[in-house]
Amino acid sequence: MCYDADATPPVAPVASPVTSGPLTLTSADGTRLAAYLAVPGRLTGPGVVVIPDNRGLAPFYERLAVRLAEHGHPALAYDHFGRTAGASTDGRGEDFPTMEHFAGLTRTGMQDDMTAAVDRLREFGDTQMALGFCMGGRLAFFAAEPRFGLAGVIGFYGHPGIAGPYGPGPTQHAGDLAAPVLGLFGGADEGIPAGEVTAFDEALTAHGVDHEFVTYPGAPHGFFDVRNDEHAEACADAWRRVLAFLRREG
């Protein structure tokens, strides 16, 4: 898990009007799930679906949605655990999620939930992109498939290869991907060996997928956090790259 309740995106607030708050989405199978929407006073760029790590809709992602909206992007972060934990994140303790909740996750369910988020953002414009972290980064890479209709995807430290019980990853499915990809990785991330990033790079190149990968030397998994002072430069550079990538389709 990347971010606990105290984590905060290392992004300075911008003096720009934003309307934000919780809402509930309905997935394809009727599951209701928690989400958080931030809408800028003036839209200047594509909508962004924010895909959390395997803790689900933690405060970090709500804060990040607001930061994105301050830059003109309607942003919607959503939860992964509506099927087992209900449509509210209230009362979740430090031990959440338990194995019961992880057992309820399926690729189909998670992709249906993401689709519900994308559909909700379409009321703010025709162009959407995805930004995910850890498990959400992996899901963001998969979301480069044409069926999601996204203009681009960004993954922070998403494992691209064969990962334990999750099976084949975006590397193995590179032939199914089409949208531009921005991948941001930590050089000291023990969970994602450099060879996995290289293999993903080569697979996307072989299939002609527009992509850019950046690995920050010495940065750990989850480095994009205001508390990681020693990696402030990497955080600032990553945020600049995120905004630049979003502007490509703005």
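The values are calculated or read from the model by the stated rules, or taken from the named source; none is laboratory data. All of these numbers come straight from a predicted model, not from anything done at the bench. Every residue, glycine among them, receives a Cβ derived from its backbone with ideal geometry; neighbour counts consider all protein chains shown. Accessible surface is based on the protein model in full, side chains and every heavy atom, while ligands, DNA and RNA are left aside. Shrake-Rupley method; radii C 1.70, N 1.55, O 1.52, S 1.80 Å.
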In segment 99-127, how many are more than 13 Å from ASP29 (Cα to Cα) and outside any helix (DSSP H, G or I)?
5
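Residues that are open to solvent by less than 20 Å² (accessible area, probe 1.4 Å), among the β-branched types (Val, Ile, Thr) and part of a loop (DSSP other than H, G, I, E, B): does segment 175-194 have at least one? Spell out the reasoning first.
Keep residues of segment 175-194 that are open to solvent by less than 20 Å² (accessible area, probe 1.4 Å), which gives 177, 179, 181-186, 189, 192.
Remaining after also requiring among the β-branched types (Val, Ile, Thr): 181, 192.
Right, trim to part of a loop (DSSP other than H, G, I, E, B) and you get 192.
Yes, segment 175-194 contains a residue that is open to solvent by less than 20 Å² (accessible area, probe 1.4 Å), among the β-branched types (Val, Ile, Thr) and part of a loop (DSSP other than H, G, I, E, B).
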Taking the conditions exactly as written (of a type in the set (S, T, N, Q) and either open to solvent by 30 Å² or more (accessible area, probe 1.4 Å) or in contact with a Pro (Cβ under 8 Å, 6 or more places away or on another chain) (or both)), does THR31 satisfy them or not?
no
A careful count of residues in segment 228-239 that are modelled with pLDDT of 95 or more and either within 15 Å of ALA69 (Cα to Cα) or not in a helix (DSSP H, G or I) (or both) gives 1
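Which one of GLY158, GLY169, GLY109 is of a type in the set (Gly, Ala, Ser) and more than 27 Å from CYS235 (Cβ to Cβ)? Lay out the reasoning, then the answer.
Details: GLY158 fails: more than 27 Å from CYS235 (Cβ to Cβ); GLY169 fails: more than 27 Å from CYS235 (Cβ to Cβ).
Only one candidate passes the filter, namely GLY109.
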Within the set of pairs 6 or more residues apart or between chains, which connect a residue that is in contact (Cβ under 8 Å) with a residue 24 or more places away in the chain and assigned to a loop (DSSP other than H, G, I, E, B) inside segment 31-42 to a residue that is of a type in the set (A, V, I, L, M) and open to solvent by 20 Å² or more (accessible area, probe 1.4 Å) with Cβ atoms less than 9 Å apart?
THR31/ALA87; GLY41/VAL18
Suppose we filter ARG138, ARG107, ARG147, ARG122 for residues that are surrounded by fewer than 24 Cβ atoms within 10 Å (Cβ to Cβ), under 16 Å from the mean Cα position of the chain (by Cα) and among the basic types (Lys, Arg); which single one remains?
ARG107
Please state which of the following conditions HIS159 fails to meet, knowing it meets all the rest: (1) in a loop (DSSP other than H, G, I, E, B); (2) buried (at least 23 other Cβ atoms within 10 Å of the Cβ); (3) touching a strand residue (DSSP E or B) at 6+ places or on another chain (Cβ under 7 Å); (4) free of Cβ contacts under 8 Å to residues at least 60 places away in the same chain.
(3)
Tell me, please, whether a residue that is outside any helix (DSSP H, G or I) and more than 20 Å from the chain's Cα centre (by Cα) can be found in segment 64-85.
no
Tally, over segment 52-63, of residues that are part of a helix (DSSP H, G or I), of a type outside the set (Ser, Thr, Tyr) and open to solvent by less than 10 Å² (accessible area, probe 1.4 Å):
1
